[in-house]
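Engineer: Sending over a structure as structure tokens; questions will come in a sec.
None of the figures in this text is laboratory data; all of them are computed from the coordinates on show. None of these values were measured; they are calculated from a predicted model. Quick reminder, even Gly has a Cβ in these numbers, built from the backbone with ideal geometry, and neighbours come from all protein chains shown.
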Amino acid sequence: MECRNLVGGSWISPESGATFDVRDPATGELIARVPRGGAAEAHRCVDAAEQALPEWSARSPAMRAGFLDQVSSALRRARTELAALITRESGKPLAESAAEVDYSADYFDSAAAEARNLVEVRLPVRGGGTLKRAIPEPVGVVAAITPWNFPLAMIARKTAPALAAGCTQVVKPAEATPLTALTLAQLATDAGLPPGVLNVITGDPPSIARAWLGDGRVRKLSFTGSTRVGKELMRLAADQVVRLSLELGGQAPLIVFGDADLDAAVAAAIAGKFRVAGQTCICPNRFLVAREVHAEFTDRLVRAATRLPVGPGTLAGVRIGPLINDEAVTKVRRHVADAIDRGGVLRCGGGTVPVDGCLDRFFAPTVIDSATPEMLCFKEETFGPVAPIAGFDSIDDAVTLANATEFGLAAYIFTRDLACAERVGAKLRSGIVGVNTCAVSDAYAPFGGCQWSGFGREGGRWGLEEYLAWKYVCATSS
Ligand code: SIN
């Protein structure tokens, strides 16, 4: 496997020779050492992307789409190997990793389809002799900084539309999961991507981000990660007026109304809450349950959560893998302790479980009843397998509780009354609403949030739009 960085079509290491370790989050075993790049490598990357831009952006969208088709096919062919690598780096169960490969390939398919539809627009002419056109141009050199929880999909959803639009790109993957990103870069290179169109460097996040945002040639940054870092990037982007897309933290409410199909609601809640062991931005973090079904829903959720097999992601049937590192375990413990201190009732889980030959990072699926808005788990993203539950008495109560957050990425509603779901959905401050489902991820749909969850959309035509700058040309004959 290639562990060096891809810059301008060459695999390189920083002149300093500095590296950092990539370790299996389940066992702590060393997987690889990868280059610790900094500002110098970041600027070199931009040089390469800048050089490749004229030729790549001059290709027709259909030609660029053809290339994206090849990357999609390459990802699907390498599904098994990629899934194994994703699990090795991120710890998530193999079945989830395989689903992530499909999801990533879908982003390439979706961007290719959008590229094929990309045409200039002739505007209505009022008065003779005037030609008015809106021409889609690429933004230019763009940057992506991606997280570890979906090491392939979060790059795919940024790289595919960027390349479809005619941009060239520089990417920095998370330190925990650089190997999946470098493998994607290798597959793209093997598929014939011209040098410099996609560049991937690993290394020190603040130095690389500062270098890119201060460079002047990087015209856009797409970032998925924490709200704290997103705010810092906004400040840094101001100097060079760099366009941003930010997919930041979430604090998704999951509302269960009294008429909901409880079996279906529990199954969906389990799938949504415990995907990647609760380490996703869109997972339900605050369970709001109508008083009349509160006890029944909670009992059923506890029974289902307790049955989820915990263990290394490589083991068949495992549903809950390790948390990504010790800091993550500490944070989840802090949220659970805080909830219990404030009167929460621990119904199951509450701490780590020992797993043979592994580190102490396997947090048992946890359900806490009698949660309140004052608890940390209701205020901050826990990023772990914890489901805090609070009851509500009326629809208005449910909406008020759901909106009592600065975040606004995803929200879920469970009810048989679709008109009620429509009304409630319209009142929720959230970029994404799932009705009777938590499976909202779709490469053809607009994914993104509002408020402290960020702005910009990824997926489908909305994802492509983020990488376009429309030029308006108004011409008269003389
Ligand atoms: C996330 O929650 O971090 C991304 C989830 C997704 O795209 O499914």
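Engineer: Is there a residue being more than 30 Å from CYS167 (Cβ to Cβ), part of a helix (DSSP H, G or I), within 16 Å of the ligand (Cβ to nearest atom) and in contact (Cβ under 8 Å) with a residue 12 or more places away in the chain anywhere in the range 253-267? Give the steps one after another, and end with the answer.
Structural biologist: Taking the range 253-267 as the starting set, the residues that turn out to be more than 30 Å from CYS167 (Cβ to Cβ) are 253-267.
From what's left, part of a helix (DSSP H, G or I): 262-267.
Next cut, within 16 Å of the ligand (Cβ to nearest atom) only: none.
Looking through the range 253-267, none of the residues is more than 30 Å from CYS167 (Cβ to Cβ), part of a helix (DSSP H, G or I), within 16 Å of the ligand (Cβ to nearest atom) and in contact (Cβ under 8 Å) with a residue 12 or more places away in the chain.
Engineer: Of the conditions (1) away from the ligand (no atom under 14 Å from the Cβ); (2) in contact with a Ser or Thr (Cβ under 8 Å, 6 or more places away or on another chain), LEU123 clears all except one; give me its number.
Structural biologist: Condition not satisfied by LEU123: (2).
Engineer: Among the residues of the range 427-468, count how many are farther than 29 Å from PRO136 by Cβ and not in a helix (DSSP H, G or I). Even if it seems obvious, please write down each step before you answer.
Structural biologist: The first filter runs over the range 427-468 and keeps only residues farther than 29 Å from PRO136 by Cβ, leaving 427-430, 433-439, 451-452.
Subsequent filtering for residues that are not in a helix (DSSP H, G or I) retains 428-430, 433-439.
Number satisfying all stated conditions: 10.
Engineer: Filter the range 359-369 down to the residues that are in a loop (DSSP other than H, G, I, E, B) and buried (at least 19 other Cβ atoms within 10 Å of the Cβ) and list them by number.
Structural biologist: Here is the first cut: in the range 359-369, the ones in a loop (DSSP other than H, G, I, E, B) are 359-362, 364-365.
Result: LEU359, ARG361, PHE362, PRO365.
Engineer: Let me ask something else. Can you list the helices (runs of 4 or more DSSP H) found entirely within the range 116-231 that contain at least 2 residues being farther than 30 Å from PRO93 by Cα?
Structural biologist: Values: elements: 153-165, 178-190, 205-215.
Those helices (runs of 4 or more DSSP H) span 153-165, 205-215.
Engineer: Answer yes or no as to whether ILE413 is within 13 Å of the ligand (Cβ to nearest atom), of a type in the set (Val, Ile, Thr) and crowded, with 20+ Cβ neighbours inside 10 Å. Break it down into steps so the answer makes sense when it comes.
Structural biologist: Values: within 13 Å of the ligand (Cβ to nearest atom): no; of a type in the set (Val, Ile, Thr): yes; crowded, with 20+ Cβ neighbours inside 10 Å: yes.
In short, no.
Every residue, every condition in (1) touching a helix residue (DSSP H, G or I) at 6+ places or on another chain (Cβ under 7 Å); (2) within 16 Å of the ligand (Cβ to nearest atom), yes or no:
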position: LEU85; (1), (2): yes, no
position: SER90; (1), (2): no, yes
position: ALA99; (1), (2): no, yes
position: ALA144; (1), (2): yes, yes
position: LEU152; (1), (2): yes, yes
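Engineer: From the list VAL336, VAL318, VAL332, which residue is farther than 25 Å from GLY258 by Cβ, touching a residue at least 24 places away in the same chain (Cβ under 8 Å), part of a helix (DSSP H, G or I) and under 23 Å from the mean Cα position of the chain (by Cα)? Let's see the steps before the verdict.
Structural biologist: Details: VAL336 fails: under 23 Å from the mean Cα position of the chain (by Cα); VAL318 fails: part of a helix (DSSP H, G or I).
From the options VAL336, VAL318, VAL332, the qualifying one is VAL332.
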